[in-house]
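Just below is one structure, and these are the notes that go with it.
The values are calculated or read from the model by the stated rules, or taken from the named source; none is laboratory data. Please read all numbers here as calculations on a predicted model, not as lab measurements. Cβ: placed from backbone, ideal geometry, glycine included. Neighbour counts: every protein chain shown. Keep in mind that these areas ignore ligands, DNA and RNA; they rest on the heavy atoms of the full protein, side chains included. Shrake-Rupley method; radii C 1.70, N 1.55, O 1.52, S 1.80 Å.
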Amino acid sequence: MTEEEWLQTIETLCESKVEEFKLVGYEHVTAKEVWECVSEKYAKTGVPAMHEVVNDILSLKVMKFMNFMTISAYRGTHF
């Protein structure tokens, strides 16, 4: 899989998660924010295998995402 294909796959998965969040009332979520939340844990270890990344994106819960956004707001990295 080329890097371009890998990035396209990740973007598609993040968009899918955004649509899921919109269904439960979180209208202003972006794919970039989903990726930032998921990839935060890869900062020290690097990006794992594709199947782990896919699992991390698809299993992301609203509560974990909102906690990430709240902490990011306190740190000043968002908004």
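Annotations
- 1.4 Å probe accessible area per residue over segment 1-54, in Å²: 69 Å²
- By the rule of a C-alpha distance below 18 Å, with chain neighbours fewer than 8 residues away ignored, the lysines paired with residue 64 are 17, 22, 32, 41.
- Both radii come from the Cα set of segment 24-79: Rg as radius of gyration, Rh as Kirkwood radius; their ratio Rg/Rh reads 0.97.
- Taking a ≥ b ≥ c as the square roots of the eigenvalues of the alpha-carbon gyration tensor, segment 5-48 is classed oblate because a/c is 1.5 or more while a/b is no larger than b/c.
- Between residue 52 and residue 16, the distance separating the two model label sites (each 7 Å from Cα on the Cα→Cβ line) works out to 2.0 nm.
- Residue separation of residue 59 and residue 42 scaled by 0.36 nm, minus their Cα-Cα distance, works out to 4.5 nm of gained length.
- Based on DSSP H segments of at least four residues, each scored -39500 (n - 2.57), the chain has a per-residue ellipticity at 222 nm of -21500 deg cm²/dmol.
- Ranking 72, 8, 37 by Cα position along the charge dipole of the chain, where only Lys, Arg, Asp and Glu carry charges on their C-beta atoms, puts 72 farthest toward the positive end.
- Net charge over other residues, Cβ less than 14 angstrom from the Cβ of residue 40 (K, R count +1; D, E count -1): +2
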